[in-house]
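Chemist: I have a structure I would like to understand better, so I am pasting it below and will then ask my questions one at a time.
The values are calculated or read from the model by the stated rules, or taken from the named source; none is laboratory data. Since the model is a prediction, treat every value here as computed from it, not as a measurement. Virtual Cβ from ideal backbone geometry, glycine too; neighbours counted across all protein chains shown.
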Amino acid sequence: MKNFFIVANPLKDREELYSNRICQYIKNMGGTCSIYSYELIGNACNYTDCKNIPEGVECIIVLGGDGTLIQASDDLNGLNLPFLGVNIGTLGYLTDTDMANVYDTIDLLFKDQYLIDERMMLNGQIYRDDKLIFEETALNDVVLNRSGNLSIMEYDVYVNDEYLTTYMADGVILSTATGSTAYSLSAGGPIIQPNANLILMTAICPHSLNSRSIIFGAEDCVTIVIKDNKKAADRRVATFDGEKFIDCLPGDKIKVCRSKKIAKFIKTNKASFLERIRDKM
Ligand SMILES: NC(=O)c1ccc[n+]([C@@H]2O[C@H](COP(=O)([O-])OP(=O)(O)OC[C@H]3O[C@@H](n4cnc5c(N)ncnc54)[C@H](O)[C@@H]3O)[C@@H](O)[C@H]2O)c1
Ligand SMILES: Nc1ncnc2c1ncn2[C@@H]1O[C@H](COP(=O)(O)OP(=O)(O)OP(=O)(O)O)[C@@H](O)[C@H]1O
């Protein structure tokens, strides 16, 4: 492949310095490259719109860290293109390369020496009084958490509409295998090979002696029902990939199933999943 489009987190690639260097390198090799230019409104930025991607682009190069790659791959998921994450952030767990190695990586792409890692995503629907009020997708996780006061949350868990259990906890994380190394890891969940197709549920600080993470099949749907036996003032929030969120009320239902969408990441880095854990964790 040799036709690229660059999306950069403008707060990390100021004046598009890195973007222009990479673009010039690609053009010098006879490839095509364009950069998505931003209007920075204050410190917020407009993310990428599919309409901005020219015909013939074969790969989206994302300059940032995990959050930028997650958000960009969500913004442009409709294009069915692979994403190459270039870490100019901090951890960059999901990225394949960084500015010190990006030119070697691009050489490999020109020689078609790469693999495409397909990652399952989640679809989350929020129901209030049986009416759908919010729907989003997530690559890492859908998290139901407290917001504002720190009163413990009580919620019922149903799997394919069958009651499973009730938790008293700070919240709950429903994660993909990709997200098993993100918030779920911090909450004590298992580390899972990222290509696995499954739904992982991990309670956040459960008030219980024997709480465990539970792994469901990719075709299962998990529904969380926020119990309404606390003060109505207790605020809850459902967050998708740490970014998109909606305030929830006692009685709301959060239904999480496998999304029809998948995320495609370019892999040239020969480091195995275990080496990445050693390196990055
Ligand atoms: N206590 C926690 O660990 C905590 C709390 C809130 C959110 N998060 C995670 O942050 C994610 C969003 O990432 P962000 O970078 O926009 O948020 P962020 O800026 O809050 O970063 C959270 C950290 O998690 C890392 N990260 C993100 N996805 C990862 C993955 N799949 N595997 C390993 N590490 C990963 C990021 O690089 C960063 O170091 C959410 O999906 C959630 O999983 C973690
Ligand atoms: N071009 C972009 N595409 C997608 N998200 C962007 C873009 N520019 C800025 N963002 C925003 O930046 C957030 C990620 O910023 P953040 O500071 O978390 O950096 P990061 O990419 O996660 O790197 P780090 O590893 O430093 O955390 C995204 O969640 C999104 O809100």
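Chemist: From the set of residues in the stretch 54-73 that are within 18 Å of the chain's Cα centre (by Cα) and aliphatic (A, V, I, L, M), which is surrounded by the fewest Cβ atoms within 10 Å (Cβ to Cβ)?
Modeler: Result: ALA72.
Chemist: Sort out which residues of the stretch 57-112 are touching a Cys at 6+ places or on another chain (Cβ under 9 Å) and near ligand 2 (Cβ under 8 Å from one of its atoms), and write them in order of number.
Modeler: ASP75, the sole residue that qualifies.
Chemist: Still on this structure: Is it the case that the stretch 249-261 has a residue that's at positive phi and exposed (fewer than 14 other Cβ atoms within 10 Å of the Cβ)?
Modeler: Of the stretch 249-261, the ones at positive phi are 251.
Filter again for exposed (fewer than 14 other Cβ atoms within 10 Å of the Cβ), leaving 251.
Yes: one or more hits.
Chemist: Evaluate the stretch 42-50: report whether one residue or more is assigned to a strand (DSSP E or B) and at pLDDT below 95.
Modeler: yes
Chemist: Looking only at residues in the stretch 165-187 that are surrounded by fewer than 15 Cβ atoms within 10 Å (Cβ to Cβ) and more than 11 Å from ligand 1 (Cβ to nearest atom), which one is nearest to ALA238 (Cα to Cα)?
Modeler: THR166
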